[in-house]
Each structure stands twice: as C-alpha cells, then as structure tokens.
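The values are calculated or read from the model by the stated rules, or taken from the named source; none is laboratory data. Keep in mind the model is a prediction, meaning the values are calculated, not measured. Here the Cβ positions follow ideal geometry from the backbone for every residue, glycine too, while neighbour counts run over all protein chains shown. We work out accessible area using only protein heavy atoms, side chains counted, and drop any ligands, DNA or RNA first. Shrake-Rupley method; radii C 1.70, N 1.55, O 1.52, S 1.80 Å.
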Amino acid sequence: MSRCQRYAMTAAAAAVVLGPPSAAHAATKTVYMGAPPKDQKAFNQPYGTDVVDFFPGKVVIAAGDSVKFDPVAFHNVDIPPKGGEMLAQLAQGAPITSSVDAAGAPFWFNGLPSFAFAADLQNQANGLGKRLTYTGAKRIISHIPLNTANPFGVLEPMVVKFPKAGLYTYYCDLHPGMKGSVSVLRKGATPPSAAQDKKALARQVRSELKVAKRLTPSAKVPPDTMYVGYAGAKGKVEYFNFLPNSLTVKSGTTVTFAMSPGSLETHTATTGPGDYLTDPASYIGVIADSFNLPQFDPRGVYPSEPLGTTGRLTSAYHGNGFWNSGAMDTQSKTLPQSSARVTFDAPGTYRFVCLVHPVMRGTVIVQ
Ligand SMILES: [Cu+2]
C-alpha cells in the first residue's frame, strides 16, 4: 500500500466523524506529451498517423496538487508567466555565409540569418527531470526532448506543482497550435477521481482514433499537388507521409508540395542524392541530420529557391538534382511558407523525403 492510499484511508475514516476532509493529501496526475504509450501503435500502424496533442488535453486538480508531464514524444511543455505567451521555437543566429550548391553556386539565402532552436529550449537545465512550482511569476518550460547525454535513455518527466487556483494554458513550442490546460480548483475541492480521469483519457483516445481512421480516405488532394503530411480539419491527428504517395505527371508540369491546412507540424519536401536513413553521410543525410542538432543546416531550413520563384528540376539541378521546399508549417510566424512549387523539366523518377521526418517519402514520376 502506498503512503497516499494509507493517508486516504485515514482521511476517509476521519470523515465519518468530522465530515468531509478539508484538505486531502496532495495528488499528482499524469499528462502525456503525445499519445499515451499504450495507444501509440493504434495511431501509427493501421493509419500511418500520429497525434499532436497532450493526453489528457484538460486536467483538473486541486490547489497544491501536481501534474507530471511525461515526455513520450517529440514535444515540450511551456507554461508562460501570467499574461505571457508561448516562446517561438526558433531563434535567429549569425548571418549565413558561403553556403554553396554542388555546382559551387551560392544559394540565395547567404546573408540571411541562420536558425537554431531557441536558447530556453536547448537549455538542458530546464524542466525535464525537475520538480517545479508554478506561481505565475515565472515561465516553466521543459527543454527539447533530445536526450543528447544518453540518446537511447528514457527521459525524465517534469513535475509541476500548482499552489494557486486558476485555469492555466500551456503549449508545445515545437508544434505551434498544440496546447493543453490545467484547471486548478480551490484548495480542498474534489477534482475528478482516477477512475473518471481514466474514462476521459480513453474518450480522448477513441475520438482522435476515429479522426485517424477517416483521415486519408476522406482526403481530397488538388491536381498536380502532393500534401506533405496530411492533417484533418482539427489538425491534431496527422498522416505522416506524402499524399498521394506517388504522382505521375508529364514533363514540364509544375507540382505543388503543400502543408495541409490545419497541420500543427513542420515538414519539408526535398529531393537530392543520398538518404538519411541508409547513408547519413550523404548529401541529403547530412542536411537531415542537422534537424537533430541545435543549429540547423541552412540548406534544410531555407527553400533552395528564392521565395516566390519556381525551380526547374532535372537530375543536374543545383549540380546534383537538389531541390528543397525548405521547412514549412501553417501556424508559426517564423517559417516563410506553407507550400512550394517546382517544375519538372526532364522525364525520370524523383524521390522526395521530409528532412524533419525521414520516414516520409513520396515519388514523382515524370513522363
Ligand atoms: Cu515531416
């Protein structure tokens, strides 16, 4: 029997004589940062989806209780100070110099700022593995869940105590639009029981699985377009692949690679020599690998073509057949675009990948 259960029994026994206990023992409720571990397969395997959400999205506790934020996927938790806003995930760094393509020609983005994850997100002293108290005076934030010290180790949760009643919204800085809330009742109030919480969590999983099931069958893709990832209208559930997976066009066709409206993700559509998964030292491999590092390779973040222009892709483009949409999203104010267009100028088979999620692949067959 745990200390808590013993305490609860004592309190229940006391209640018979004294009426409801005025102050139950401080409890801790868990919020998964991403789909609960036991449900992840249900999203991934049949539907190719993942869900960009906190589980449960709403947690109700009493003042003095804690929330354990469990980093089960690539998300962070950012609880801004009272009246404050979430942080931007990216920070601008020193201007890019001498970034050249495989033919030796300078890329258009030389002179523009480099990008890195914001300092607070990189700071390993933040959040994960800590027990903290949220008073509203100061931001509480967990760092990026990359276990750089121990890449295969389990990440420690962040436990946050909420001593003051109120409704607190928190965010994932890595997926602008992903948020949850902690409702803190006055001290001594009775929050939902463990059984009620379990039911509510199961309800959330069921309802998002329903979205996952219908997602790609109900998708309508405009002509000469590939969606890079596909999110439903609500955006939380996303199909992690190119849609359609293969597109056949005539030479000279301009194809649009687009984020789907409502997506909370960041993706690229990129083609070029090599493959991150089978050859991390290859041209594409090196660029994709930089998304695991604090400082991004500008060839991955920036579109390969100046904004508003359309490249004319052949196997010799940029010296080696490279073309990149750049990092795209629909929500943040940091990334420049949510779609990119390229004209296919020679017959052949062009393989595309997402540099951020290298399992996402699409093929354009040009006739
Ligand atoms: Cu992606």
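Before we move on, is Gly362 open to solvent by less than 10 Å² (accessible area, probe 1.4 Å), part of a strand (DSSP E or B), closer than 18 Å to Val228 by Cα and within 16 Å of the ligand (Cβ to nearest atom)? Can you show your working first?
Values: open to solvent by less than 10 Å² (accessible area, probe 1.4 Å): yes; part of a strand (DSSP E or B): yes; closer than 18 Å to Val228 by Cα: yes; within 16 Å of the ligand (Cβ to nearest atom): yes.
Yes, satisfied.
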| What is the one condition in (1) more than 16 Å from the ligand (Cβ to nearest atom); (2) under 16 Å from Met226 (Cα atoms); (3) β-branched (Val, Ile, Thr) that Thr271 does not satisfy? | (1)
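Taking the options Leu355, Leu335, name whichever one is touching an Asp or Glu at 6+ places or on another chain (Cβ under 9 Å), outside any strand (DSSP E or B), within 13 Å of the ligand (Cβ to nearest atom) and modelled with pLDDT of 95 or more.
Details: Leu335 fails: modelled with pLDDT of 95 or more.
Only one candidate passes the filter, namely Leu355.
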| Residue that is most open to solvent (accessible area, probe 1.4 Å), among those in region 210-226 that are touching a strand residue (DSSP E or B) at 6+ places or on another chain (Cβ under 6 Å) and within 26 Å of Asn76 (Cα to Cα) | Val211
| Residue check: is Gly326 within 16 Å of the ligand (Cβ to nearest atom) and at positive phi? | yes
| note | Okay, strands (runs of 3 or more DSSP E) sitting entirely in region 34-83 with 1 or more residues that are in contact with a strand residue (DSSP E or B) (Cβ under 8 Å, 6 or more places away or on another chain) and aromatic (Phe, Trp, Tyr), I get 66-70
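Give the residues of region 339-352 that are open to solvent by 30 Å² or more (accessible area, probe 1.4 Å) and either outside any loop (DSSP other than H, G, I, E, B) or within 13 Å of the ligand (Cβ to nearest atom) (or both), sorted by residue number. Spell out how you get there, then give the answer.
Our first condition is that a residue be open to solvent by 30 Å² or more (accessible area, probe 1.4 Å); within region 339-352, this holds for 339, 341, 345, 347, 349, 351.
Scanning region 339-352 gives Ser339, Arg341, Thr349, Arg351.
Residue check: is Val286 in the same structural domain as Gly232 (by TED's automatic domain parsing), more than 16 Å from the ligand (Cβ to nearest atom) and either within 20 Å of Pro106 (Cα to Cα) or crowded, with 21+ Cβ neighbours inside 10 Å (or both)? Full working, then the answer.
Values: in the same structural domain as Gly232 (by TED's automatic domain parsing): yes; more than 16 Å from the ligand (Cβ to nearest atom): yes; either within 20 Å of Pro106 (Cα to Cα) or crowded, with 21+ Cβ neighbours inside 10 Å (or both): yes.
Yes; evaluated as a whole, the condition is true for this residue.
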| said: Any residue that is in contact (Cβ under 8 Å) with a residue 40 or more places away in the chain, in contact with a helix residue (DSSP H, G or I) (Cβ under 6 Å, 6 or more places away or on another chain) and either exposed (fewer than 15 other Cβ atoms within 10 Å of the Cβ) or outside the structural domain of Leu335 (by TED's automatic domain parsing) (or both) - is there at least one of those in region 125-141? | reply: yes
| note | Scanning region 232-268 for residues that are of a type in the set (Gly, Ala, Ser) and open to solvent by less than 20 Å² (accessible area, probe 1.4 Å), the one nearest to the ligand (Cβ to nearest atom) turns out to be Ser263
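Hey, any hits in region 89-109 for a residue that's under 21 Å from Ser181 (Cβ atoms) and either buried (at least 21 other Cβ atoms within 10 Å of the Cβ) or within 24 Å of the chain's Cα centre (by Cα) (or both)?
Looking only at region 89-109, we keep the residues that are under 21 Å from Ser181 (Cβ atoms), and these are 89.
Right, trim to either buried (at least 21 other Cβ atoms within 10 Å of the Cβ) or within 24 Å of the chain's Cα centre (by Cα) (or both) and you get 89.
Yes, region 89-109 contains at least one residue that is under 21 Å from Ser181 (Cβ atoms) and either buried (at least 21 other Cβ atoms within 10 Å of the Cβ) or within 24 Å of the chain's Cα centre (by Cα) (or both).
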| Residue list for region 169-209, restricted to those being hydroxyl-bearing (Ser, Thr, Tyr), surrounded by fewer than 20 Cβ atoms within 10 Å (Cβ to Cβ) and part of a strand (DSSP E or B) | Thr169, Ser181, Ser183
